[in-house]
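> The following block contains the structure, expressed as structure tokens.
The values are calculated or read from the model by the stated rules, or taken from the named source; none is laboratory data. Keep in mind it's a predicted model, so treat the numbers as computed, not measured. All Cβ positions, even for glycine, are placed from backbone atoms using ideal geometry, and neighbour counts span all protein chains on display. Note: accessible area is taken over every heavy atom of the protein model, side chains too, but ligands, DNA and RNA are not part of it. Shrake-Rupley method; radii C 1.70, N 1.55, O 1.52, S 1.80 Å.
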Amino acid sequence: SLLFQALFNLLIPDHAADAFSPPRLSEPGLWDLLLEQLLGGLSHWDAEHFLFIAERGYLYEHNCAFFPLYPLSVRAVAEGALWPLQWLLRLRSRLLLSAVLLNSLFSVLAAAALYKLGCVVLQCRRVAFLAAVLFSVSPANVFMAAAYSESMFAFLAFSAMWQLEKGQSWLSGLLFSLASGVRANGLINAGFFLYSHGKCFVLQLQVGSGLVRKLPLLWKQLLSVASSAVLTCAGIFLPFALFQYYAYVRFCGPGGGLEQTVPKPLLQLARDKGYHLAAVNGVKPAWCSQQFPLVYSYIQDAYWNVGFLRYFELRQIPNFLLALPVALLGSWAAWTYMIANPRHCLTLGLERRKSEEESKPRAGFCCPAVFVYVVHATVLLAFGFFCMHVQVLTRFFGSSSPILYWFSAHLLQEYEPLLQSEGTDNQTVAARSEKSLLGKSGSCGRGTSENPIVKLLMNCRLITPLSKCILGFFLSYWLLGLILHCNFLPWT
């Protein structure tokens with residue numbers, strides 16, 4: 001990815017896009033120019049916001065659409081690990097290098113966390129490994145490499161899900177809380193905790209006897225579950241609340257003397273583009289007087305016209321077509337799961353199954369444990385399709401939910417003969433080894449010694465049309481993203 005983006009950025013001239021592009025306030029040196037040639041393609045579009053925030057803080061009102069944990073991390077690495085390079089590179093160049101290094105690390109860690117999560121939830125090492133490899137060539141890959149927060153969010157979210165599956169509730173809560181300091185949709189992850197605590201309580205009720213005699217114990221358990229859920233959810237919402245409070249204090253409080261501290265080129269940019277600075281001369285932004293002054297929702301509405309069905313216009317048809325593959329895969333995944341588990345879905349997974357009582361859990365994508373992830377993915381998909389700029393659905397979905405990778409891996413594993421012949425022996429769930437049935441890092445067949453995606457590509461003429469479509473979607477978006485995004489051309 002890094003090699004291709006540098007090549008495409010060198011060969012293709014940048015498009016003159018009407019995007020946020022703050023002026024450079026210092027003359028670049030030789031090493032700055034070289035770094036810009038090598039990595040400049042990863043600093044376009046929203047990456048400009050993150051790098052600007054890391055360098056200047058939340059100077060403009062619309063910068064507050066981007067949450068602080070990622071730019072703070074970029075600045076910390078630039079001032080810490082890359083401090084010896086200050087004699088060669090200006091701050092902005094070190095921030096770009098810091099972002100690329102961090103995202104490379106987070107992408108690898110996110111793939112590893114997705115694999116571990118898949119082993120626990122799917123009880124199938126082969127599908128978990130295939131999903132992790134697919135994540136490495138994600139359709140949203142360019143945003144995992146560029147100075148965006150997607151890779152950091154994916155790492156934190158997948159790690160938190162994994163820890164929750166292992167029963168590490170407090171560590172999971174901490175990771176989910178950090179994730180909500182990276183992206184706003186991290187707030188939805190509170191649903192995992194609510195469901196996990198609620199399910200444990202309901203299943204306990206179904207195995208107990210003499211509940212009337214145990215009524216005091218029942219109330220004690222209910223209070224314990226409720227308090228734990230409230231505390232962990234409050235922790236997840238805390239970074240969002242603190243950031244909204246910070247924005248209110250900064251942009252709605254007295255801003256006397258601010259203009260004198262802002263460099264003139266940045267003030268001129270604000271005048272030319274209509275960007276709002278913190279309150280100057282007593283003039284406060286409109287959202288400050290709202291009953292609930294949330295800068296995030298105001299920016300989404302006022303600056304980007306984000307809202308229910310607002311993007312449903314004829315001129316947006318190309319963007320809907322861009323989002324169509326991931327929308328179809330997500331919808332197909334939900335439909336497949338519901339058809340395979342109708343009773344489980346109707347009871348919201350809160351009914352104890354006979355197979356669970358016999359310690360024989362199903363394995364694979366359609367296993368009961370996947371239910372909450374399918375619900376989470378469906379909520380993200382519906383919200384992204386109807387309420388957001390639909391072209392961002394690919395990276396929004398691909399960095400937040402494991403379902404895109406699990407379902408694609410499931411389709412490849414189930415319907416591609418080349419993968420079925422790798423030693424899976426076409427085992428049925430009932431015939432799996434005792435170790436697999438007990439759920440100890442489940443293994444659907446023997447392990448693999450080669451990359452399954454490479455094997456499919458090396459035999460591309462022999463694979464099924466379905467496999468060609470899945471790999472074609474992943475690899476074409478992987479490549480097109482590098483070509484278009486890195487040259488300021490519209491992409492997802």
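> Taking region 11-49 on its own, how many of its residues are surrounded by 14 or more Cβ atoms within 10 Å (Cβ to Cβ), out of contact with any Ser or Thr (no Cβ under 6 Å at 6 or more places or on another chain), of a type in the set (A, V, I, L, M) and assigned to a helix (DSSP H, G or I)?
Of the residues in that region, 5 qualify.
> Run residue 152 past the list (1) farther than 20 Å from residue 119 by Cα; (2) over 14 Å from the mean Cα position of the chain (by Cα) and report the number of the one that doesn't hold.
In the conditions (1) farther than 20 Å from residue 119 by Cα; (2) over 14 Å from the mean Cα position of the chain (by Cα), residue 152 misses (2) alone.
> Here is a list of conditions, (1) open to solvent by less than 60 Å² (accessible area, probe 1.4 Å); (2) closer than 19 Å to residue 140 by Cβ; (3) without any contact (Cβ under 8 Å) to a residue 24 or more places away in the chain, and residue 105 meets all of them except one; can you say which number that is?
(1)
> Let me ask you something else. What are the residue pairs meeting all of these: first residue in region 254-275, first residue small (Gly, Ala, Ser), second residue open to solvent by less than 40 Å² (accessible area, probe 1.4 Å) and modelled with pLDDT of 90 or more, Cβ atoms under 7 Å, and 6 or more apart or on different chains?
From region 254-275, the pairs are 270/60.
> Can you tell me how many residues within region 15-36 are under 19 Å from residue 50 (Cβ atoms), hydrophobic (A, V, I, L, M, F, W, C) and within 31 Å of the chain's Cα centre (by Cα)?
4
> Being farther than 30 Å from residue 247 by Cβ, more than 20 Å from the chain's Cα centre (by Cα) and open to solvent by 60 Å² or more (accessible area, probe 1.4 Å) narrows it down to one residue among 328, 324, 314; which is it?
314
> If a residue has to be open to solvent by 10 Å² or more (accessible area, probe 1.4 Å) and among the hydroxyl-bearing types (Ser, Thr, Tyr) to count, how many in region 123-150 make the cut?
Of the residues in that region, 1 qualify.
> Sort out which residues of region 412-429 are open to solvent by 50 Å² or more (accessible area, probe 1.4 Å), modelled with pLDDT of 90 or more and either within 18 Å of residue 123 (Cβ to Cβ) or of a type in the set (A, V, I, L, M) (or both), and write them in order of number.
414
> If you don't mind, another one. For residue 52, work out the one condition from (1) modelled with pLDDT of 95 or more; (2) assigned to a helix (DSSP H, G or I); (3) of a type in the set (Phe, Trp, Tyr); (4) touching a Ser or Thr at 6+ places or on another chain (Cβ under 9 Å) it doesn't fulfil.
(4)
> So residue 338 clears everything in (1) open to solvent by 30 Å² or more (accessible area, probe 1.4 Å); (2) within 18 Å of residue 394 (Cα to Cα) except one condition, right? Which one?
Tallying (1) open to solvent by 30 Å² or more (accessible area, probe 1.4 Å); (2) within 18 Å of residue 394 (Cα to Cα), residue 338 fails exactly one: (2).
> Another question about this same structure. Quick one: which of 198, 167 is more than 25 Å from residue 300 (Cβ to Cβ) and not in a helix (DSSP H, G or I)?
On inspection, the qualifying residue turns out to be 167.
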